[in-house]
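Worksheet: the structure to be examined is printed underneath.
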Amino acid sequence: MVDFNAELAAHLKGGPTTVCHAWAITRRDGKVFAFTDHDLPLSFAGITFRADTGLSALALAQSTGLSVDNTEALGALSDASLREDEIEQGRFDGADVRAWLVNWADPSQHWLNFRGSIGELTRTNGAFRAELRGLTEALNRPLGRVYQKPCTAVLGDTSCRFDLGRDGYVHALPVDMVKNARQFVWDNFLSFDADWFTRGRLEILTGPGADLWGTIRSDRIEDNKRIVELWEPLRGPVETGTQVRLVAGCDKRTETCRLKFNNFDNYQGFPDVPGEDWVVSIPASSKSNTGGSLR
């Protein structure tokens, strides 16, 4: 086994063993949760692994080549470890997972035998079941360029290159009123045109729902009130006074890229690709079959 701890290997060959398992989950926000199936806490690799979480794991399926390694972790939900509301909010989606085999009598003897991420995560009866996906899972993602009329970039990413820090495209303010964590209302917030934030993002900056965000379905003005509605309710609590950030929306059209963002040089769509009617058309002498411009 590659990089297997020599002292741990000698311990395993010596007869009776004192080994257990340990896991560390690192969320995208940097918060680390560490567990062990030993009956006492363990510390190594700069991490303290807690023993009172009820976490266990099924057998690890590992193989050579590029096939996907996978396993499952089972555990109880508690405020002290993995909380149900944080799972519901998606804070553990895609979190990095590391698993060790460790000699609990001498934790310096440990071996990292799995690294991957959390896949599908389900909850039932006060417990959770998490699918753990190996590093080769990323190789299953389709890669390549999509040829389509609308832009394929995400506003502000490395393909779009638009600077969202420019004045007028991002605005932070407290919420005046919120309904069902989906509809946000402000009085006299008229400094932006209607629909300016449609297809943009609403990000929570403060409170228990901090770091959650949703895609904006509509942005309208009615009776001097601005009403921003999301496609889906946020999965965390949002109250009046919560600080949020609104990000301008982009509908992926050439006109929007050119006129709203002045960023047409980085447009990632193909507006002049012929449509299906041109592909299946037949020769005709009465008119041109060039397809024409689709802009």
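Nothing in this text is a laboratory measurement; each read-out follows from the coordinates by a stated rule. Keep in mind that what you see is a predicted model, and the values were worked out from it rather than measured. Here the Cβ positions follow ideal geometry from the backbone for every residue, glycine too, while neighbour counts run over all protein chains shown.
In order along segment 135-141, phi translates into HN-Hα couplings of 5, 6, 4, 4, 6, 7, 6 Hz, rounded to whole numbers, per the Karplus curve 6.51 cos²θ - 1.76 cosθ + 1.60 with θ = phi - 60° and x for Gly and Pro. Put simply, when 143-149, 24-30 are sorted by average Cβ atoms within 10 angstrom per residue, most first, you get 24-30, 143-149.
For the peptides 176-186, 265-275, 241-251, the ranking by mean Cβ contacts within 10 Å, running from highest to lowest, is 241-251, 176-186, 265-275. For Lys149, the aspartates and glutamates whose Cα falls under 18 Å of its own Cα, not counting residues fewer than eight places away in the same chain, are Asp251, Glu255, Asp265, Asp272, Glu276, Asp277. Per-residue Cβ neighbour counts within 10 Å put Trp23, Trp213 in the sequence Trp213, Trp23, beginning with the fewest. Normalising by residue count, segment 170-247 has a Cα convex hull of 72 Å³ per residue. Annotation: amide H of Phe270 within the under-5 Å range of Gln148, Lys149, sequence separation 5 or more or interchain, hydrogens built in the peptide plane. Summarising the amide proton neighbourhood of Phe44: residues at separation of 5 or more, or on other chains, whose placed amide H is nearer than 5 Å comprise Phe49.
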